[in-house]
Amino acid sequence: MSRVQVVTDSASDLSLELARANSVVVVPLTVRFGPEELSSWPDLLPGDFWARCKASPTLPETAAPSPGAFAEVYRKAAADGCDGVVCITLSSDMSATHQAAQAGAQDSPVPVRVVDSRSVTMGEGLIVLEAAEAAASGADVDTVARRAEACIPRTSVYGVVDTLEHLEKGGRIGGARVLLGSLLSIKPVVQVRDGVVGEESKQRTRARSLRYLADKVHTTANLERLAVVDGAAEDLDTFLAMLGEAVPVPPTVVDLGPVVGTHTGPGTIGVCMLRRA
């Protein structure tokens, strides 16, 4: 029976409780407020992060962990008696985190498999939980990695953002579209597609965008895991009521962490879904 350590980064938005319950090690990205650098997990709580965003004259920025941060985690896994490590990262098209995780594995004393989730927030997190389940069953490192990789095409992430400002600052949407969207009060629905964030739908009101999001969940067949991500949204309960009891699996509700929150802004609500094979 193998012992495999599952590792991820803080863009997965796993709560401290979920990470501990599933024996997952989380390597934090850095959040910068001007010259001040903070670890995004677990010390920078979402409430503190949003308060800092509100008080800061400039939007925060994020930075990937160093290869050394991953190497240290891999060495500790080996010292703890693990036979291997499976590290699942946010999409390599969104961050240098995946490359850092690979570089950190070069001199690892145990085999390391680095999996590009092609996703982010709890889309990445649901894949991590599947891998952790396989590891808990005693699967070897290659089997755990294959289980994670098999989840990638079955994972969907959609989100409603309250403002286009953060997407513009992060280079996700052009300034002219931001101006037009603001004038028309457009509330876009975004999707992670092919490893990047893109606009999925334009809705004229917040209520319509939330209904569109709920309908995405209701019409997704073979739903196995569901997470709802809350980015300091005042209408989260309204959205959960829209989901109602029609969903086949109860949603896991987590806070949107500082890494993704930096790029989407407050008021974001996301749904992350994993379909059965």
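Taking the condition in contact with a Leu (Cβ under 9 Å, 6 or more places away or on another chain) and among the polar types (S, T, N, Q), does Ser39 pass? Can you show your working first?
Numbers: in contact with a Leu (Cβ under 9 Å, 6 or more places away or on another chain): yes; among the polar types (S, T, N, Q): yes.
Judged against the criteria, Ser39 is a match.
Filtering region 72-79 for residues that are surrounded by 16 or more Cβ atoms within 10 Å (Cβ to Cβ) and closer than 27 Å to Thr264 by Cα leaves an empty set. Selection of first residues in region 32-52 that are among the acidic types (Asp, Glu) and of second residues that are assigned to a strand (DSSP E or B), restricted to Cβ pairs under 8 Å at least 6 apart or on distinct chains, gives the following pairs, ordered by first then second residue: Glu37/Thr30; Glu37/Val31; Glu37/Ala63. Residue count for region 225-277 under the criterion of being farther than 28 Å from Ser39 by Cβ and acidic (Asp, Glu): the result is 3.
So that you can scan it fast, the table gives a plain yes or no per residue for (1) more than 11 Å from the chain's Cα centre (by Cα); (2) modelled with pLDDT of 95 or more; (3) among the β-branched types (Val, Ile, Thr):
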residue	(1), (2), (3)
Val229	no, yes, yes
Leu240	yes, yes, no
Gly261	no, no, no
Arg275	yes, yes, no
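When restricted to residues that are at pLDDT 95 or above and either assigned to a loop (DSSP other than H, G, I, E, B) or of a type in the set (Lys, Arg) (or both), region 104-131 contains 11.
May I ask you to verify whether Cys82 is surrounded by 24 or more Cβ atoms within 10 Å (Cβ to Cβ), over 21 Å from Ser156 (Cβ atoms), touching a strand residue (DSSP E or B) at 6+ places or on another chain (Cβ under 7 Å) and not acidic (Asp, Glu)? For Cys82, the condition - surrounded by 24 or more Cβ atoms within 10 Å (Cβ to Cβ), over 21 Å from Ser156 (Cβ atoms), touching a strand residue (DSSP E or B) at 6+ places or on another chain (Cβ under 7 Å) and not acidic (Asp, Glu) - is not met. At least 1 residues being without any contact (Cβ under 8 Å) to a residue 60 or more places away in the chain is the threshold, and among the helices (runs of 4 or more DSSP H) wholly inside region 196-277 those reaching it are 206-218, 236-243.
Test of understanding: among Val229, Val253, Val249, which residue is surrounded by 17 or more Cβ atoms within 10 Å (Cβ to Cβ) and within 21 Å of Cys151 (Cα to Cα)? Walk me through how you get there before you give the answer.
Working: Val253 fails: surrounded by 17 or more Cβ atoms within 10 Å (Cβ to Cβ); Val249 fails: surrounded by 17 or more Cβ atoms within 10 Å (Cβ to Cβ).
The match here is Val229.
Tell me whether region 66-87 contains one or more residues that are under 16 Å from the mean Cα position of the chain (by Cα) and within 25 Å of Arg146 (Cα to Cα). Yes, because at least one residue in region 66-87 is under 16 Å from the mean Cα position of the chain (by Cα) and within 25 Å of Arg146 (Cα to Cα). All of Arg113, Arg3, Arg52 fail the test of being surrounded by fewer than 24 Cβ atoms within 10 Å (Cβ to Cβ) and over 29 Å from Pro153 (Cβ atoms), apart from Arg52. Being free of Cβ contacts under 8 Å to residues at least 40 places away in the same chain and under 27 Å from Thr268 (Cα atoms) is a description that does not apply to Ala103.
The values are calculated or read from the model by the stated rules, or taken from the named source; none is laboratory data. Remember, it's a predicted structure, so these values are computed and weren't measured experimentally. Glycine also receives a Cβ, built like all others from the backbone with ideal geometry; neighbour counts cover every protein chain displayed.
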